[in-house]
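Since the structure comes first, as structure tokens, the remarks are kept for the end.
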Amino acid sequence: MSASPSLLATLDYAVLQQCMHCGMCLPTCPTYEATKRERHSPRGRIALMRAVADGELQASRAFAEEMYYCLGCLACESACPAGVDYGTLFETARAEVERVGAAAAPQRSFWRWLTLRHLFLKPGLLRAVGQALRYYQRSGAEAAVRRSGLLRLLPLSLQRLEPQTPLMAAAFSNELISPLERPAGVPRRRVALLTGCVQDLAFPDINRDTADVLLANGCEVLTPPVQPCCGSLHAHNGDLAAARELARRQLDLFPVDQLDAVITNAGGCGSHLKKYGHLLADDPAYAARARAWDAKVQDIHQFLMATGCRAPSAGCGESRVAYHESCHLCHGQKISRQPRALLGLIPGLELEEMKESTWCCGSAGIYNITQPEQSAALLERKLGHLAATGAPAVATANPGCHLQLQNGLAASPGHPCQSVAHPVSLLARAYRAEKSG
Amino acid sequence: MNPALLQALRAALGAGHVLTQPEDLIPYRFDGTAALQQMPGAVVFPGDTEEVAACVRLARAHGVVVVPRGSGTGLSGGSLPLAGCLVVVLVRLDRILETDPKNLTLHAQCGVITKAIDDAAAVHGLFYPPDPGSMKISTIGGNVAENSGGLRGLKYGVTRDYVMGLRVVLPDGAVTFLGNKCVKDVAGYSMKDLFIGSEGTLGIVTEVLLKLVPRPAARRTLVALYDSMEQAAATVSAIIAAHIIPCTLEFLDQMTLRCVEDYARIGLPTDVAALLLMETDGHPAAVAAEAERMREIALAHGAREVRLAADAAEAERLATARRSAFSALARVRPTTILEDVTVPRSELSKLVAFVAETARRHSLLVGTFGHMGDGNLHPTFLTDERDAGEMHRVELALSEIVDETLRLGGTITGEHGVGLAKKAFLPRQFDEGSLALLRAIKQALDPEHRFNPGKIFDFPTPP
């Protein structure tokens, strides 16, 4: 065990003390709901963090397991009248777990090293791997390997994951979007578009749709072709040093002072991107720029509805849609109304409200990889509520949720819902239909 | 904890339902009460009444103290563990056993969530009125143990008014059912009433038979804004004098209002001295007439403005915001010390003024809210438990507020219970005869003092 003080002990104690354990968070926490154990509840986890901060408890393996059993969905933050900053507590606790190696195991260390320290730290490498994967998936090699039975040689955990590998897009964002695109007529605003990492590889068409919708609303769109990961994956998984490094690179890449807004279309990224000021508060070279950045970052729905999104005159081809709220969009950024309002602009499209629309779908970053059972239970619950709406399509604004729902629906033949789409993609389709119709 | 007891508990419940590791126990060393914590010896999760009884018998055989717990949202320390005790968590007993629309009753296990009881009643057009602030997570068993109130006390009463029967595990492990579905029943002592509000010191309630009432057909919610607390209090007195009994008459002071709005963001004004949340329910014609009359009375008594909730959704947002008041006050300072003093309705404005004056005198921050219709006040001191000097001033202020409450003919607790948090004040309220009776009852039911000992009151010399 390390001799230096716990990261939780160096945190402002008032953040830990803010929790007055009233229990209002309990019914909104998916892991408490599933187990009815206080340890798996927000106030229970905070009690454990406080015990570590007070030096009463070591950051033990059981502590580590608990911190990684938490989805990090932040539903507790929405429920908390006392305003506890659970997100910061949770990230600090996971960072402490990694600092002391409480969760260490050889295989886990290898995967963390490969993903957090290489793939998601180096955008060029990630793209190269994406291209290789794209070739493997599209050349017929994947089908051949699956037929061959070779996959049975993989460890069980990987065998289970293999079918969940997202299908790599035929072209990534930089092949679809020019670095600078101008709207017809005089630009009303100048914005930058964040293309993300998973979004870029698996859903670059959503990035294209976002650019189209911004152009249709009079924005000049700046899209640097190679963008780093925003670092949310690192921050949520205990690697704050890498998260800070990625934040600095992001700040270096964008001329923030020349932009009206920096647009993100992924709930999970947006929630993290808006907190660079906090992340880099102790970095004298970047703290001021990070605060300026925070003020400019806007979720696409937030931006469009605040600036007066133009209603399309044509429909999008769907008549009924359900809306699943990304946790980090509704709980992390408190953006719930705007995506619904955006969908409401599309002629002929009816929004079918889904029960528990703000309940986590089980994707939760890489939770579906680290906690497959709990993740599957949450997905099943979500698909049940989705089926009850009878809607043939579901909209959601986060690549993790998108993939999770897509995989879940693919494995549920007969489910009334046939497709998953980003709200902005539906709007983009409606704008395109105007021209063709 | 004694390994032989743990082994026996594991055999009785299954190993997965017995927790002993520090990472499992630390999250159970508190309930909803501020600044109190104690480490239990073990935490167990029985699945039915028989398993609860088995836990009680085993603990007794090994001389271990038992503390029952529902969702752990109590505000007096009633479910706070005692050092080294066995915490019996009752959340697995979560089935509704029967809804009987012919007799207007509902029979449930003790771990059912309060709101789920009302939801089940609503299916039959029926209503379970008690609505404590934590109703979305509190258990019905915990409500019975603490005799919880809520926002509707003025018209509908509290938990006790709805309990028709209880299944209880006694301190020797025996199980008995007290009460029935009869509206009239005078057979023997009203023994179920002994267990309502007993805070786990006499027995463990495992099933509850509840009375339901018809669900009101209409409901109207109004919000009145005032520049002084006296005007709000005068409005309440005038409404009662006009023979209107609204189901809700809640008030929030400016400090509370600011915190609630900071959390709920529903457009509550934060520049007024007091807000009155009023609700009337019943027949649509009566509701419309009463709402209009209440509006007139409020305006006549100096309300700056009276707003009518547009629909049920807005009314629900207002009630939810009010229920968040206590927790929302925690935004201001690290520690919130909540009181529950209650006085006869006519004395309420005197107590409100006394609380404000006392806080000023001791240089303390206080937010006050509560149930103006039933005289139940929640002065909440906003402080920091790490500041010993300030905590001492809080204690002095609380003591003075308790004395003033009793002088006005009130009680130290209206709906939270005595538990540990208010134990020191009980002897000021009870005369020696009442205290002797408390001890005699405890001695008769729990002669070995195994059930939540030291809660509510102490024996002069512990046995």
Projected convex hull area of region B:218-326, Cα atoms, direction-averaged, in nm², equals 6.0 nm²
Per-residue mean of C-beta atoms belonging to partner chains within 10 Å, peptide A:75-84: 5
Please build a GNM for chain A, connecting alpha carbons under 10 Å apart, and tell me which residue among A:SER148, A:SER357, A:SER41 fluctuates the most. A:SER148
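How much of the DSSP beta bridge set in the protein assembly as shown is antiparallel, as a percent to the nearest 5?
Details: 62 of 90 bridges.
Roughly 70 percent of the beta bridges in the protein assembly as shown run antiparallel, per DSSP.
Taking every residue in B:18-28, how many Cβ atoms of other protein chains lie within 10 Å of its Cβ, on average?
Working: counts 0, 3, 0, 3, 8, 13, 8, 2, 11, 14, 5.
Mean inter-chain Cβ contacts per residue within 10 Å come to 6.
Is there a simple number for the mean count of other chain Cβ atoms within 10 Å of the Cβ of residues in B:81-92, and what is it?
Numbers: counts 0, 0, 0, 0, 0, 0, 0, 0, 3, 0, 4, 1.
Per residue, the average neighbour count from other chains is 1.
Rounded, prolate or oblate: which fits the protein assembly as shown, taking a ≥ b ≥ c as square roots of the Cα gyration tensor eigenvalues, rounded meaning a/c under 1.5, else prolate when a/b beats b/c? Before the final figure, lay out the partial values.
On the way: a/c = 1.84, a/b = 1.50, b/c = 1.23.
The shape class here is prolate.
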1/(1 + (r/R0)^6) with r = Cβ-Cβ of A:ARG61 and A:SER336, R0 = 41 Å, i.e. FRET efficiency to nearest 0.05, evaluates to 0.65
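Of the cross-linked pairs A:LYS122/A:LYS274; B:LYS102/B:LYS136; B:LYS102/B:LYS181, which ones have a Cα-Cα span greater than 19 Å in the structure shown?
Values: A:LYS122/A:LYS274 22 Å; B:LYS102/B:LYS136 27 Å; B:LYS102/B:LYS181 11 Å.
Pairs exceeding 19 Å: A:LYS122/A:LYS274; B:LYS102/B:LYS136.
With a ≥ b ≥ c the root eigenvalues of the C-alpha gyration tensor of region A:7-100, is it rounded (a/c under 1.5), prolate (a/b larger than b/c) or oblate?
Numbers: a/c = 1.76, a/b = 1.27, b/c = 1.38.
Oblate, since a/c reaches 1.5 and b/c is not below a/b.
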If we count other beta carbons within 10 Å of each Cβ, what is the order of B:ASP311, B:ASP374, A:ASP85, fewest first? B:ASP311, A:ASP85, B:ASP374
Where in region B:368-446 are there trypsin sites (Lys or Arg not before Pro) that are in a DSSP coil and have at most 16 other Cβ atoms within 10 angstrom of their Cβ? B:ARG386
Hey, what do the phi angles of region A:55-70 turn into as Karplus ³J(HN,Hα) couplings, whole Hz, using 6.51/-1.76/1.60 and θ = phi - 60°, x for Gly and Pro? x, 7, 10, 6, 6, 7, 5, 5, 4, 4, 4, 5, 5, 8, 7, 5
What is the sum of charges, Lys and Arg at +1 and Asp and Glu at -1, for the other residues whose Cβ falls under 13 Å from the Cβ of A:PRO42? 0
Quickly work out the B:GLU292-to-A:ALA311 label distance, labels modelled 7 Å from Cα along the C-beta direction, and quote it in nm with one decimal. 3.7 nm
Order these peptides, A:407-419, A:358-370, B:240-252, by their mean beta-carbon neighbour count within 10 angstrom, highest first. A:358-370, B:240-252, A:407-419
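Based on the alpha-carbon gyration tensor of chain A and its eigenvalue square roots a ≥ b ≥ c, which shape applies: rounded if a/c is under 1.5, prolate if not and a/b is larger than b/c, or oblate? Present the calculation step by step, with values, prior to reporting the outcome.
Numbers: a/c = 1.41, a/b = 1.29, b/c = 1.10.
Note, shape of chain A comes out rounded.
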Quick one: order A:GLU142, B:GLU296, B:GLU432, B:GLU207 by neighbouring beta-carbon count within 10 Å, fewest to most. B:GLU432, B:GLU296, A:GLU142, B:GLU207
At a Förster radius of 56 Å, what calculated FRET efficiency corresponds to the Cβ-Cβ distance of A:ALA144 and A:SER436, to the nearest 0.05? 0.90
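Starting from 0.36 nm per residue, how many nanometres of slack lie between B:HIS283 and B:LYS102 once their C-alpha separation is accounted for?
Details: separation 181, 0.36 × 181 = 65.16 nm, distance 2.14 nm.
Length gained, B:HIS283 through B:LYS102: 63.0 nm.
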With angles folded into 0 to 90 degrees, how steeply does helix B:254-264 sit against the dominant principal axis of chain B? Use alpha carbons for both and round to 10. 70 degrees
Leaving out same-chain residues fewer than 8 places away, which aspartates and glutamates sit with a Cα under 12 Å from that of A:LYS334? A:GLU77, A:ASP299, A:GLU325
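Sort B:137-145, B:260-268, B:97-105 by packing, meaning the average of other beta carbons within 10 Å per residue, with the highest value first. Walk me through the numbers before you get to the answer.
Working: B:137-145: 28.9, B:260-268: 16.9, B:97-105: 14.6.
Per-residue mean Cβ counts within 10 Å order the peptides as B:137-145, B:260-268, B:97-105.
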Give the cross-link partners of B:LYS423 among the lysines, using a straight C-alpha distance below 20 Å as the criterion and excluding same-chain residues fewer than 8 apart. B:LYS442, B:LYS455
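To the nearest 0.05, what FRET efficiency results for B:ASP227 and B:LEU365 with a Förster distance of 25 Å applied to their C-beta separation?
Working: r = 21 Å, r/R0 = 0.84.
E between B:ASP227 and B:LEU365, to the nearest 0.05, is 0.75.
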Name the residues of region A:117-154 whose amide N is less than 17 Å from a point 7 angstrom out from the Cα of A:PHE110 along the C-beta direction? A:117-119, A:151-154
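Bear in mind that the values in this text are calculations on the coordinates, not laboratory data. None of these values were measured; they are calculated from a predicted model. Methodologically, a virtual Cβ is constructed for each residue, glycine included, from the backbone with ideal geometry; neighbour enumeration extends over all protein chains shown.
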